[in-house]
Structures are given as structure tokens and as C-alpha cells.
1. If you check every pair at least six apart or on different chains, which have Cβ atoms under 8 Å apart with a residue in segment 6-19 that is surrounded by fewer than 10 Cβ atoms within 10 Å (Cβ to Cβ) first and a residue that is assigned to a loop (DSSP other than H, G, I, E, B) second?
2. In segment 16-34, which residue that is in contact with a helix residue (DSSP H, G or I) (Cβ under 7 Å, 6 or more places away or on another chain) and within 17 Å of residue 49 (Cα to Cα) is modelled with the lowest pLDDT?
Amino acid sequence: MDAGRDAPREYGPHKTLYNRWKRWSDRGVFARIMAGLAGEHGEETTVMIDATHLKAHRTASSLGVKKGGVDG
């Protein structure tokens with residue numbers, strides 16, 4: 001079963017979801033979250049999980065940018 005294919009369409013392409021999950025997994029993001037939630041070694045840790053997301057068009061990063069510099 002491919003869980004990414006079951007995700008809501010608003011989350012983006014399933015390949016993007018997989019790539020993001022894989023990158024975060026490789027970087028230990030999920031392990032740090034779980035360690036923080038479990039209070040590993042009795043340490044008090046603050047863990048913040050935010051479910052917000054921003055949807056931007058692929059060209060949004062180029063808005064306001066001209067050749068040779070940023071508008072401003």
C-alpha cells in the first residue's frame with residue numbers, strides 16, 4: 001500500500017510527499033520528535049508540531065525578483 005496515494009489532493013503529488021518524508025527520515029526529524037515526546041533520558045524537552053502548510057505555485061519563488069537582483 002502506498003500511503004502517499006491515499007493523502008488528500010491538497011497535499012500535493014504523492015512523489016513529493018514521499019520525497020519529503022524520506023528526506024526528513026534520513027535527517028532524523030522523526031527520531032528527534034519521538035525522542036522529545038518520550039522524554040528520552042528523563043530530560044524535559046519542548047517538542048512543537050505544527051500542521052499548517054502553505055501552498056505556493058512553483059513560480060511563486062520568482063515573484064518580485066528581476067534579473068540582477070530583488071525588487072525593493
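The values are calculated or read from the model by the stated rules, or taken from the named source; none is laboratory data. Being a predicted model, the structure only gives us computed values, none of them experimental. Cβ coordinates were reconstructed from backbone atoms using ideal geometry, including for glycine residues, and neighbour counts include every protein chain displayed.
1. If the second residue must be assigned to a loop (DSSP other than H, G, I, E, B), the pairs left are 10/55.
2. Among those residues, the one meeting the criterion is 30.
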